[in-house]
Structures are given as structure tokens and as C-alpha cells.
Amino acid sequence: MFPELPPFDVDESFLLALGRAGGLCDCGDIADTPGSLSGVAAGWPIFGQFVAHDITADRSALQSHVNSDTLRNARAPQLNLECLYGDGPVGHPFLFRRDDPRSSCSPRRRRRARNAEGIALVGDPRNDSHMLIAQMHLALLKAHNAFVDDARARGVADHDAFAAAARALRWNYQWIVIDEFLPT
């Protein structure tokens, strides 16, 4: 992000000491004080991670001391839910129901979007990195399906239902990012 700055260089044992039990980052049994509490919703960092997955995807091999000029973003930075939809029902058909390709493969009774073999059904594998982000992904899949049902109820032709639902979900998502997340 800041190529003009020198790389962060610190002794790894110092970082481990910060994070260990009793370290500077461990509040232990210390009671919260009014000054230590935040007025910001605890879910915003997870939402921010989801947004980051939506607008960025570096597919380079992991390495240390990377020249940031060589990194290439594999995403269109457009808040378009590419991390949710992948390339849509045609490009990534495994993300959508076989009997209804307008609807996503969101399981009815599971906490994560997975197939029968337990493989994550996500447009971006980072959205399966931990339960909170996986559940946000799943909530958006379910919202998409609700928008498909709504489009059909309004008489939208079946072949246009996916596009109508994706547009409605993107508009709501973009509104949340611009009017709620960024100002907060």
C-alpha cells in the first residue's frame, strides 16, 4: 500500500510476547471501563473483511518482502459481490442449484454453504476462512434467494430472475457500504 515506506521489521519473539496470555494484548481479568468500550458495532470488522474479499484478490504466491508494484488485483473493485457470485450461473454453475440455476446453493439447515462432501460452495475461498465470514456469506446467499422469490412474485420472467435478484442484492449491499459502513 505504501511503497515509499520501509518494510515493517520486528523481532518475531516480540510479536509472540505481545499476543501470549498475560502479554500487552491480553486484558486478562481486568474489568472494562467506560473508556475501553466502543460505540462501533462488533460486526463491522467482519463486514469490512467481506468487502475486502469483494474488491481485492491477490493470487500471487505467498512470500516475504513482496514488491507491491508486482501485485495484481484479480477482482474488479466495484462492490459487485463477485466474491459471492463468482462468474454467475454460467461461469460457476456449482455455486447454484441444479434444479433452479437462478437460486444459490444455500443450505437450509447448515451454518455454512457446503455440498454433500463438505466442500465450500463459495465464489472466493477466503469467505470460508472462519465461521463469522462464512455465515455472512451464507446470509447474503439467502438474501439473494429471497430476492429471486420476490422477483418471481412480481412477475419477472424466470430467465431474468437471477439478474433482478443480483441487482437488488448489490444495490442493498452498496447502500450498506456507502451509507452505514464507511461513515461508521
Checklist outcome for this item: Of those in the range 123-147 that are polar (S, T, N, Q) and open to solvent by less than 30 Å² (accessible area, probe 1.4 Å), the residue farthest from D100 (Cα to Cα) is N127
Checklist entry - Restricting the search to the range 57-85, which residues are on the phi > 0 side of the Ramachandran plot and at pLDDT below 80? => result H65
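Each row is one residue, and each column tells you yes or no for (1) within 23 Å of W44 (Cβ to Cβ); (2) assigned to a helix (DSSP H, G or I).
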| residue | (1), (2) |
| --- | --- |
| H137 | yes, yes |
| K142 | yes, yes |
| F147 | no, yes |
| A151 | no, yes |
| G155 | no, no |
| A161 | no, yes |
| W175 | yes, yes |
| T184 | yes, no |
Item to check | Residue under evaluation V10, criteria (1) surrounded by fewer than 13 Cβ atoms within 10 Å (Cβ to Cβ); (2) within 18 Å of L140 (Cβ to Cβ); (3) more than 23 Å from the chain's Cα centre (by Cα), criterion not met | outcome: (2)
Checklist entry - Hey, does the range 146-154 have a residue that's over 23 Å from R59 (Cα atoms) and at pLDDT below 90? => result no
Checklist entry - Only one residue in S103, S64 is farther than 14 Å from V122 by Cβ, touching a helix residue (DSSP H, G or I) at 6+ places or on another chain (Cβ under 7 Å) and polar (S, T, N, Q). Which one? => result S103
Checklist entry - G123 is checked against (1) without any contact (Cβ under 8 Å) to a residue 24 or more places away in the chain; (2) assigned to a loop (DSSP other than H, G, I, E, B) and fails just one. What number does that condition carry? => result (1)
Next on the checklist: Taking the criterion of being touching a helix residue (DSSP H, G or I) at 6+ places or on another chain (Cβ under 7 Å) and either closer than 28 Å to E82 by Cα or open to solvent by less than 50 Å² (accessible area, probe 1.4 Å) (or both), would at least one residue in the range 31-46 satisfy it?
Outcome noted: yes
Checklist outcome for this item: Apart from one, (1) loosely packed, with under 15 Cβ neighbours inside 10 Å; (2) out of contact with any helix residue (DSSP H, G or I) (no Cβ under 7 Å at 6 or more places or on another chain) all hold for P77; the odd one out is (2)
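The values are calculated or read from the model by the stated rules, or taken from the named source; none is laboratory data. Values in this document were obtained by computation on a predicted structure and should not be read as measured data. Virtual Cβ from ideal backbone geometry, glycine too; neighbours counted across all protein chains shown. When the accessible area is computed, the model is the full protein with side chains, heavy atoms only, and any ligands, DNA or RNA have been set aside. Shrake-Rupley method; radii C 1.70, N 1.55, O 1.52, S 1.80 Å.
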